[in-house]
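This report refers to the structure that appears directly beneath it.
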Amino acid sequence: MQDFRISLNSTTNVFFANSEVHGTVYLKTEEPLKARKIEVSIIGRAKAAFNQLRGSISYYYCLSRSYIEIEEILWESDGDTNKIAAGNYQFPFKFVIPINCPPNISATYGNIKYYVQAKIDVPWAFNKNFVAGFSVCPFIDLNIDSRLASPVINYIEKTKLFSSKAVKATVRFWV
């Protein structure tokens, strides 16, 4: 196998909740490749863990929550050969990020991560994997908060050195 990778159709790899993640899995092989299937998954998961010391005993706490975990089969063997012919392959995919997905975060005791994983299921051997991470940004509707509709006013007064003239300006802008 010469090449096995994922390319997301985004220059920034940043997406919003309730938006689509488009991409392509690329496979290049010069000889037939033993495989049962090629699949792609989108995974978004929160993990938290910490230790608490009570006296001389340490207690370990951990929690994991899945926000999205969807799998799509891109290619599957017909059952007899378990081989994919030599050549260049492109497998497009599309997933929708659920509206309730929180943004990425990485902290001391936990994180929220999102990624797309491509996997070649190889019989009687280790599977081939490729992972491409991406970020989810929160969608914030600024129209909900009425305070943001009112103008922000700032008064500026400047006096030049060795001059008695002052320049006054009022700046108004809306967020």
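FYI, it's all coordinate maths here, none of it is from the lab. Everything numeric here is computed off the predicted structure, so don't read it as measured data. Don't worry about glycine lacking a Cβ; one is built from the backbone with ideal geometry, like all the others, and counts go over all protein chains shown.
Annotations for the structure displayed:
- Fraction of antiparallel bridges per DSSP, the chain only, in percent to nearest 5: 95
- Per-residue extension of 0.36 nm, minus the Cα-Cα distance of residue 144 and residue 46, leaves a gain of 32.5 nm for this segment.
- Net +/- balance of residues flanking residue 46 in space, Cβ distance below 14 Å, scoring K and R +1, D and E -1: +3
- Using the Cβ-Cβ distance between residue 69 and residue 31 with R0 set to 45 Å, the FRET efficiency works out to roughly 0.85.
- Here's the picture: charge each Lys and Arg Cβ at +1 and each Asp and Glu Cβ at -1 in the range 3-141, and of 77, 99, 51 the one pushed furthest to the positive end of that dipole is 51.
- The range 3-141 - Rg over Rh from alpha carbon coordinates, Kirkwood radius: 1.09
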